[in-house]
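Okay, so here's the structure we're looking at.
Laboratory data are not the source of any read-out in this text; all were calculated from the coordinates shown. Quick caveat: nothing in here was measured; it's all calculated off a predicted structure.
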Amino acid sequence: MSRYQAVLTSAADVRPQPISWLWDKWIARGKISILAGAGGCGKTTLALSLAAINSIGAAWPDGTPSHGAGKTLIWSAEDDIEDTLTPRLIAAGANLNSVFFVSGRQNEHGELQPFNPARDLSLLNERAEQIGGVSLLLVDPIVSLVSGDMHRANDVRNALQQLVDFAARWNCSVLGKV
């Protein structure tokens with residue numbers, strides 16, 4: 001006989017909670033949303049426009065008012081922060097003081113090393129604490145979190161759990177690009 005047993009929760013004991021939204025009915029807080037499409041169709045431009053809106057607390061594209069300005073973290077393995085991402089944020093009217101790029105990790109000797117989201121996502125919790133929280137995390141590409149076999153559902157699910165935990169801890173929206 002196993003020392004473990006399944007834990008059951010009666011639906012009658014569950015207190016339903018409303019979903020908290022960054023952008024009402026589009027991007028939930030504490031959850032992962034996926035932005036998918038063919039290469040070159042504007043996913044990065046759209047994601048950075050949303051980051052800009054978040055940074056200044058402007059109305060969302062459908063006119064829905066935001067809940068105020070917030071901070072955005074961006075990890076991108078596909079675009080350069082100097083010649084692509086920052087110019088697009090400027091064009092979108094972002095408050096650049098509220099947008100932070102994850103540009104590496106620093107070891108105990110002060111040496112800068114590449115940031116690997118599959119290994120280093122836990123380091124973002126410390127930095128999020130230091131900047132006073134985060135309301136949006138952009139991950140490009142989101143599959144970079146998978147260190148195992150991307151074709152195995154359990155490897156993908158396990159890899160994304162740390163992202164789910166980050167979103168829940170900060171009540172932030174995670175927008176992953178594929």
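Specify the residue with the greatest mean-square fluctuation among Gly30, Gly70, Gly57, computed from a Gaussian network of the chain linking alpha-carbon atoms under 10 Å apart.
Per the Cα network of the chain with a 10 Å cutoff, Gly57 tops the list.
Hey, what angle do you get for helix 153-170 against the long axis of the chain, alpha-carbon based, 0 to 90 degrees rounded to 10?
That helix lies at roughly 70 degrees to the long axis.
How large is Rg/Rh for the range 51-95, to two decimals, with Cα atoms and a Kirkwood Rh?
In the range 51-95, Rg relative to Rh is 1.02.
For the range 20-177, what is the percent of antiparallel DSSP beta bridges, rounded to the nearest 5?
In the range 20-177, DSSP labels about 20 percent of beta bridges as antiparallel.
Amide H neighbours of Ser66 under 5 Å, at least 5 residues apart or on other chains, H built in the peptide plane: list them.
Ala59, Trp60
So if I restrict to the alpha-carbon atoms in the chain, what is the Rg, and what is Dmax, the biggest pairwise distance, in Å?
Calculated on Cα positions, Rg and Dmax stand at 17.7, 63 Å.
Would you mind checking the tilt of helix 43-56 against the longest principal axis of the Cα atoms of the chain, expressed as 0 to 90 degrees and rounded to 10?
Helix 43-56 sits at roughly 90 degrees to that axis.
Using helices alone, I'd like the mean residue ellipticity at 222 nm for the chain: each DSSP H run of four-plus residues gives -39500 (n - 2.57), total over residue count, nearest 500.
-9500 deg cm²/dmol
Under a 5 Å amide H to amide H cut-off, with H placed in plane at 1.01 Å, what residues pair with Lys71 once short-range neighbours are removed?
Under 5 Å from the amide H of Lys71 lie the amide H atoms of Ser135, Leu136, each far enough along the sequence or on another chain.
Can you give me the P(r) profile for the range 1-90? Cα pairs, bins 5 angstrom wide beginning at 0, each as a whole percent.
The calculated distribution, bin by bin, is 2, 10, 17, 19, 14, 11, 5, 7, 6, 5, 3, 1, 0.
Most fluctuating residue of Gln17, Gln162, Gln113 in a GNM of the chain with Cα springs under 10 Å: which is it?
Gln17
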